[in-house]
1. With r defined as the distance between the Cβ atoms of Arg755 and Ile603 and R0 fixed at 51 Å, what FRET efficiency is calculated, to the nearest 0.05?
2. Of all the accessible heavy-atom surface of the range 620-664, with the other protein chains kept in place and a 1.4 Å probe, what percent is carbon and sulfur?
3. What angle do you read, to the nearest 10 degrees and between 0 and 90, between the alpha-carbon axis of helix 343-353 and the longest principal axis of the chain?
4. Can you list the equivalent-ellipsoid semi-axes of the range 1-45, largest first and in whole Å, using the square root of 5 times each Cα gyration tensor eigenvalue?
5. As I understand it, the value is the acute angle between the Cα axis of helix 729-743 and the longest principal axis of the Cα atoms of the chain; what does it come to in degrees, rounded to 10?
6. Using 5 Å bins from zero, what percent of all Cα-Cα pairs in the range 1-89 falls into each bin?
7. With r defined as the distance between the Cβ atoms of Thr224 and Thr128 and R0 fixed at 51 Å, what FRET efficiency is calculated, to the nearest 0.05?
8. Counting only protein heavy atoms and using a 1.4 Å probe, what share of the accessible area of the range 239-340 belongs to carbon plus sulfur, as a whole percent?
Amino acid sequence: MSNPPFADLRERLKSGRAALATAYLETPSATRYLTQHAALVDSVLSEICTRLVLPASFCLAAVGGYGRGELFPGSDVDVLLLLPHDPDPEQQTTLENWVQACWDVGLEIGHSVRTIEACIAEADADITVETNLLEARFVWGGRTLFEAFGRRFQARFDAQHFFDGKLAEQHARHARFDDSAYKLEPNLKDSPGGLRDLHTVHWLAQACGISGGWNGIARAGLLTPAEARRIAREERALSALRIHLHLLARRREDRLAFDYQTELAGCLGLAATAHKRAGERLMQGYYRAAKLIQRANDILIQSLRVRLFPVTAPPEPIDADFQVRASLLEAREPDLFGRKPDTLLRAFIVYAQHPALAGFEPATLRALWRGSTRIDAAFRANPAHRALFMTLLRQPTGITRALRAMHRYGLLARYIPAFGRVVGQMQHDLFHVYTVDEHILTVLRNMRRFTVPALAHEFPLASRLIAAFDKPELLYLAALFHDIAKGRGGDHSELGALDARRFCRQHGLDKADSDLVGWLVEMHLAMSRTAQKEDISDPDVIAAFAAKIGNMRRLSALYLLTVADIRGTSPKVWNAWKGKLLEDLYHAAHAQLAGGDEAVAGIAAKQSEARINLALYGLPSDAADGLWKHLDTRYFVRFDARDMAWQARMLWRRADSPDAVVRARLSPAGEGIQVLVYTPDRPDLFARICGFFARIQYTILEAKIHTTRHGYALDSFQVMDLANRGIHYRDFLSFVEHELARDLDPARPMQAVPRGRLSRHQRHHPYPTTVRLETDAQGRGHMLSITCADRGGLLFAVAETLMRHDVSVYAAKIDTLGERVEDTFLIRGEALQTSAGREALEAEIGEALSA
């Protein structure tokens, strides 16, 4: 039997979809598009059934999203062909022709062919199938069969089993996205706060016998009509965004990828402002919608759970206002928050004080959400309420989860309006991976982790310092305000410091404490910049940093905030090397502030310690003299005793070797490796070394370049595999020693390094390249500062340019922040002596970085 032609149906579907898309782009209405698209597909499928003369006893049903009457442009068309019995051979052929015809006309169907018994068996075995069938909708054929299926399906439906299964499914889905709605490229459908969270509420409401969508849920008393309208509005907004995304991508694409964000913003009429790109405005709107959906999902699922699984245990009183029911915090009176507005804050103090609480009872949760609107200017100005907020920050435990709960249910943004302005604000700086509000709360969590004795092994110094800090609530305030002014234009540190000081004064802190919080916010980047961009072995650098800090209390507080802040930007930014730099800077500044001879360890003391270390390896007391006689004072200032001893041991009796000596070891910092290069100096040396590490895809974190009195280069490099490829370190150390020494052979031509590609994030959110050259404050040469998007071969391009200008590198700090680099070089050369030479070098480096 040959298939009849279906060209007219293919054209009907194609032109119909095109007309729907045109109408939608002219007058966007997500509801109209989705229902009309489903109706169009209904008509095409029905016509195919009729033309192929499917048996009238067969039934075609729409399932899944198509069954709901919501068919997005790129979505699959999920259908069920319901049969009264297993097909005979002729019917089987007809069914195969039907499937082929669907594809021929341009329908990407997801189909199943089952009897009622098979449907029931599959639904019992797989909750995804059960969910699809829950939304089955009649399209064509035997309606009697469809109704019989509906009766059988409902008769075996176990609401409690379904509820537990869908909740487990949601938890697993959220876990795939790290339980975060704030990914840089979130999935509109499946991410936490996406459309699937709303679908889950609808399914669970159906399981509880509640139909009619959001209005039905409102009639059941779980939402107010206004709340139902707001959630429905956000659902329509996300649906509209998904339709635009499918039309732009010309296929099913549910990820808000960088490639589409700017164009989608244009589709929605969002233009760039003075301080935000159009794509950033789009994403802030999305993140805020996702937060509302998460909140609604959380509250409604708990409310529906109580309907299916009633709690019969009696409550346990906590105080006159609150009690515990089934491990949930419950207001003792339904109108508590209206009668006593202070309980809007006190609820979270109680929540912090009782770590066994699993959350809030559903009715209490709804009342908190609704009560958040009572937090206005008058509420915030009330001294009793201000005292309660400070009481929360002074709790010994539970602060982080209490503030996260306040944020989740909208109260934190109401209490601190400046925090509300950064909710959902993404930071496209190539290293923050969280929105500003999530980053702030992550920094606060990191600060709180320092106080947990069981976690003291993670950051021993930070744990000791915070245990000795007299008022840790000041640190929490600094964490809350350190980035709160982002997105306003201007210096966010200075603007945030003004907000912080005002908040502290309003909340009864004395001048000294208010000044400390404001100072921390204003200076929160100073320690990381000094550690990662300057030579912290230089006594002048330490003296200048210590003078800026002023006293021990500020130093301890700034160290704690800096570690918490860097760890809160991205899982990829923090590493052991950054930790060591910050610890070294803390100890050096502490010694400087303490005064006396401890400010900088004497050279003689370092040498004595190094000799003791050498003796442990059985080397004679004069083993280092052959090397040290060629080194000036600055070498002994820049390197610590352990490095001096290791280098002397590696170069014992080889101080005048004509061949390159390369030695590698695991870095004392705890991550990466340390590489020593000792060879007669020459202009291409730094470029060759950078090229070698670029080719093996290792990142140089720091370079200390020293030239001996007799013309040898003694260079030390800290390098790391940022890709964490799990290379066997013993074999790798031998590989580096052999291959790098081979590459440094002057008889071998210098190998080229291919330039890496920019990532999609970098292409769609370009970070400006800046090259700055200025005289070093200590008169040692010139400081070259580079900030740009990271990619392979970048450091080699800089080194090669410096080599061509006959400029040598004296020291380098390479700071990789996610996908951004901030590199600093101390350089010397004749080309730097004239303004024309400096301008030419700056320009050529800029061109090399942009190539």
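1. 0.75
2. With neighbouring chains kept in place, the figure for the range 620-664 is 43 percent.
3. Helix 343-353 and the main axis of the chain meet at about 60 degrees.
4. Each semi-axis is the square root of five times an eigenvalue, giving 26, 11, 4 Å.
5. Helix 729-743 sits roughly 60 degrees off the main axis of the chain.
6. 3, 12, 21, 20, 19, 12, 7, 4, 2, 1
7. 0.95
8. Solvent-exposed carbon and sulfur of the range 239-340 make up 50 percent of the total.
The values are calculated or read from the model by the stated rules, or taken from the named source; none is laboratory data. This is a predicted model, so every value here is computed, not measured. Counting neighbours? That spans all protein chains shown, and the Cβs are built from the backbone with ideal geometry, glycine included. Protein only, heavy atoms only, side chains kept; ligands, DNA and RNA dropped before computing areas. Shrake-Rupley method; radii C 1.70, N 1.55, O 1.52, S 1.80 Å.
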